[in-house]
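These notes are about the structure you will find just below.
The values are calculated or read from the model by the stated rules, or taken from the named source; none is laboratory data. These numbers come from a predicted model, not from an experiment. Cβ atoms come from the backbone with ideal geometry, glycine included; neighbour counts cover every protein chain shown. Accessible surface is based on the protein model in full, side chains and every heavy atom, while ligands, DNA and RNA are left aside. Shrake-Rupley method; radii C 1.70, N 1.55, O 1.52, S 1.80 Å.
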Amino acid sequence: MATTGTAPRTAVPSQPRSPARPAPPTGATLIGSVQRAMRLLETVAAHEQGAPAKQLARETGLALPTAYHLLRTLVHEGYLRRDRGLFFLGEAAERLSGSGAQQKRRSTVADTLARWRDAVGVPVYYAVYSDGEIGLIGVADTPANPAVEEWADFRETAHAHAVGQCLLAQLDDAARQDHLDRYPVRPVTPYTVRDATSLLRRLERARETDLAIERQEYALGTVCAAIPLRVGATAATVAVSLPVHQADRLLPTVQRLQAEMRCLLGSLALSISI
């Protein structure tokens, strides 16, 4: 449809404003100063290059004295910082943001492991080697197919389980020796690798085949296999476990898992820094 006139142009584009807030529930008690402070934080976050107090007051609809008072308080508490008259998010606000991002990464790991568990029908584990220690980041199992119980400290028994063997195989010689100096090879079950020399031969095979397998070395009645993940400098692994009477399913399960991992590896790789 044709128009009969042209809308007037403005020399200055409209400024971003905080989104409208929903009306409070009937009977709710709200703290006005907290609401105003949160509006200021949101508005500062919208200005990556910083913004002066007058602009922030205008965009939030606050009186300038009120805005100054709240801004000084937020700077004092570390939620904002001031540089050359401009306000930016401070370290405290960034820590809050970082915590939210970490929760999102953990959720991504959990969702990915659950999908792989459903695809292969057995428990799936995700672990990393960080700061000289093994960290089991996530496990996805079901009541019908429960994960292996951590009955002996997982960090101290890396030589006995597939997850640990896979992670140790990815380390350089110095880091691997440092780990074994702190956590020497020792029996965990009658099937555990007996000495460091035998373990190192096992780790060499794991490096060559990109697969670590152990049979009842950590938990009697259980077999496990672990696949290495290489994302940057972080050693990581995804593993599966089965009852020993289903040991013939182990390699086919690993192959199915590898196929599933090719589809979703990117989402898990982004979470490896947890």
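For every residue, the table says whether it meets (1) within 17 Å of Ser130 (Cα to Cα); (2) basic (Lys, Arg).
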site: Glu156; (1), (2): yes, no
site: Ala169; (1), (2): yes, no
site: Gln177; (1), (2): yes, no
site: Val188; (1), (2): no, no
site: Thr192; (1), (2): no, no
site: Asp195; (1), (2): no, no
site: Leu199; (1), (2): no, no
site: Arg202; (1), (2): no, yes
site: Glu208; (1), (2): no, no
Quiz item: Can you tell me which residue in region 166-179 is surrounded by the most Cβ atoms within 10 Å (Cβ to Cβ), limited to those that are of a type in the set (Gly, Ala, Ser) and in contact (Cβ under 8 Å) with a residue 24 or more places away in the chain?
Solution: Ala169
Quiz item: Which condition number in (1) hydrophobic (A, V, I, L, M, F, W, C); (2) at pLDDT 90 or above; (3) open to solvent by less than 50 Å² (accessible area, probe 1.4 Å) is the one that Val109 fails?
Solution: (2)
Quiz item: Looking at region 120-136, is at least one residue over 23 Å from the mean Cα position of the chain (by Cα), modelled with pLDDT under 90 and either hydroxyl-bearing (Ser, Thr, Tyr) or closer than 22 Å to Ala236 by Cβ (or both)?
Solution: no
Quiz item: Inside region 218-238, can you point out the residues that are part of a loop (DSSP other than H, G, I, E, B) and out of contact with any strand residue (DSSP E or B) (no Cβ under 9 Å at 6 or more places or on another chain)?
Solution: Leu220, Gly232, Ala233
Quiz prompt | Positions within region 207-246 being modelled with pLDDT of 95 or more, among the small types (Gly, Ala, Ser) and open to solvent by less than 10 Å² (accessible area, probe 1.4 Å), in sequence order | solution = Ala212, Ala225, Ala226, Ala239, Ser241
Quiz prompt | Selected residue [basic (Lys, Arg) and either closer than 17 Å to Val238 by Cα or surrounded by 24 or more Cβ atoms within 10 Å (Cβ to Cβ) (or both)] from Arg155, Arg182 | solution = Arg155
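I'd like the residue in region 44-54 that is assigned to a helix (DSSP H, G or I) and at pLDDT 90 or above and, out of all such residues, is most open to solvent (accessible area, probe 1.4 Å).
Applying the first criterion (assigned to a helix (DSSP H, G or I)) to region 44-54 yields 44-45, 53-54.
With the extra rule that they be at pLDDT 90 or above, the set shrinks to 53-54.
Values: Ala53: 6, Lys54: 133 Å².
Restricting to residues being assigned to a helix (DSSP H, G or I) and at pLDDT 90 or above, the top hit is Lys54.
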Quiz item: Taking region 55-92 as the search range and keeping residues that are loosely packed, with under 14 Cβ neighbours inside 10 Å and among the charged types (D, E, K, R), which one is modelled with the highest pLDDT?
Solution: Arg72
Quiz item: Taking only pairs six or more apart or across chains, which ones have beta-carbon atoms under 7 Å, a first residue in region 124-151 that is under 18 Å from Leu171 (Cβ atoms), and a second residue that is aromatic (Phe, Trp, Tyr) and not in a loop (DSSP other than H, G, I, E, B)?
Solution: Leu136/Tyr125; Ile137/Tyr126
Practice problem: Answer with yes or no whether Tyr183 is among the aromatic types (Phe, Trp, Tyr), touching a residue at least 12 places away in the same chain (Cβ under 8 Å) and touching an Asp or Glu at 6+ places or on another chain (Cβ under 7 Å). | Solution: yes
